[in-house]
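**Student:** One structure, pasted below without further comment.
The values are calculated or read from the model by the stated rules, or taken from the named source; none is laboratory data. No experiment lies behind these values; they were computed from the predicted model shown. Ideal geometry is used to build each Cβ from the backbone, glycine not excepted, and the neighbour counts take in all protein chains shown.
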Amino acid sequence: MQFNKVFYLNSFGSLIFMIFILGCASPEINSASEKTDSVEMAEPVSATNVKDFSYPWGNPLLLQLKYPLKWEADPEKYGQLKQPEAMLFDSISYYYENLNLAKTISTPDYKSVQVLNPVSREEMNVETDSLMVYHLDSCRFRLPDVGNFECYYFSKTDTGAPASTFGNLLFIDKTSRNAKLIQAYHMQGGEQSVKYQFFTVEKLKISTFSGWYYDDGFTLKMKSQINVAGN
């Protein structure tokens with residue numbers, strides 16, 4: 001079954017096209033609830049220009065939807081979701097794919113790392129190791145400091161078959177240089193399904209949203225809320 005190839009090429013190829021033609025402008029959302037009608041797509045925050053930054057960081061739609069949320073598959077287009085409802089999913093997934101295409105910046109220094117939300121075996125859709133899942137190899141963004149913490153976002157793509165991307169948030173205590181890691185984003189391709197996790201950052205509160213894409217569509221749920229200061 002070639003599900004992962006059909007879906008991944010549809011999503012990622014569309015992303016590249018949108019960046020080139022529209023400068024990453026979000027599509028008009030016709031199927032969102034009333035709570036999302038006035039929400040505009042946020043542009044990813046530059047690591048070198050955060051003076052106009054304001055929390056939350058991440059796609060604001062995720063904080064305004066009701067969960068669980070289901071998008072039905074298009075029976076006539078294998079590996080794709082029904083339109084126009086799929087535009088909402090695309091606006092969410094494109095945002096994070098865009099984040100993960102940002103240029104890398106210097107990796108910050110830290111002494112130790114504590115993982116606050118280990119990924120369970122049931123959530124893994126690909127065969128990889130912890131060095132990939134919890135990597136700190138490719139720093140993309142530094143967000144404004146929150147309290148005594150520096151905040152960074154890392155993302156890295158495993159170009160194996162199928163391709164998968166993992167994004168991690170790192171909060172570094174400015175006094176001790178000890179760090180806390182949150183496995184924030186992933187897109188795990190697969191033969192029969194695709195596993196997604198998205199996130200939002202509200203200063204020291206991190207929300208994660210998890211879902212699986214199967215033949216019958218995609219279901220997204222609120223997964224967890226993590227208080228960095230409390231863990």
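**Student:** So, of the residues in the range 130-162 that are farther than 17 Å from Ser106 by Cα and of a type in the set (A, V, I, L, M), which turns out to be surrounded by the most Cβ atoms within 10 Å (Cβ to Cβ)?
**Tutor:** Across the range 130-162, the extreme among qualifying residues is Val133.
**Student:** Regarding Tyr96, is this residue assigned to a loop (DSSP other than H, G, I, E, B), in contact (Cβ under 8 Å) with a residue 12 or more places away in the chain and closer than 28 Å to Phe141 by Cα?
**Tutor:** no
**Student:** Considering only residues of the range 199-217 that are hydrophobic (A, V, I, L, M, F, W, C) and in contact with a helix residue (DSSP H, G or I) (Cβ under 6 Å, 6 or more places away or on another chain), which is surrounded by the fewest Cβ atoms within 10 Å (Cβ to Cβ)?
**Tutor:** It comes out as Leu204.
**Student:** From (1) modelled with pLDDT under 95; (2) surrounded by fewer than 19 Cβ atoms within 10 Å (Cβ to Cβ); (3) not aromatic (Phe, Trp, Tyr), pick out the condition that doesn't hold for Leu116.
**Tutor:** Failed condition: (1).
**Student:** OK, next. I'm checking my understanding of the structure. Among residues of the range 173-186 that are crowded, with 22+ Cβ neighbours inside 10 Å and either under 8 Å from the mean Cα position of the chain (by Cα) or of a type in the set (Ser, Thr, Tyr) (or both), which one is nearest to Val115 (Cα to Cα)?
**Tutor:** For the range 173-186, the residue satisfying everything is Ala184.
**Student:** Quick check on Ser138: is it among the polar types (S, T, N, Q), touching a residue at least 12 places away in the same chain (Cβ under 8 Å) and under 16 Å from Gln183 (Cβ atoms)?
**Tutor:** Taking the combined requirement at face value, the residue satisfies it.
**Student:** Within the range 50-62, does at least one residue satisfy the condition of being of a type in the set (Val, Ile, Thr) and in a loop (DSSP other than H, G, I, E, B)?
**Tutor:** yes
**Student:** For Leu61, state whether it is among the aliphatic types (A, V, I, L, M) and surrounded by fewer than 13 Cβ atoms within 10 Å (Cβ to Cβ).
**Tutor:** No: the conditions fail for Leu61.
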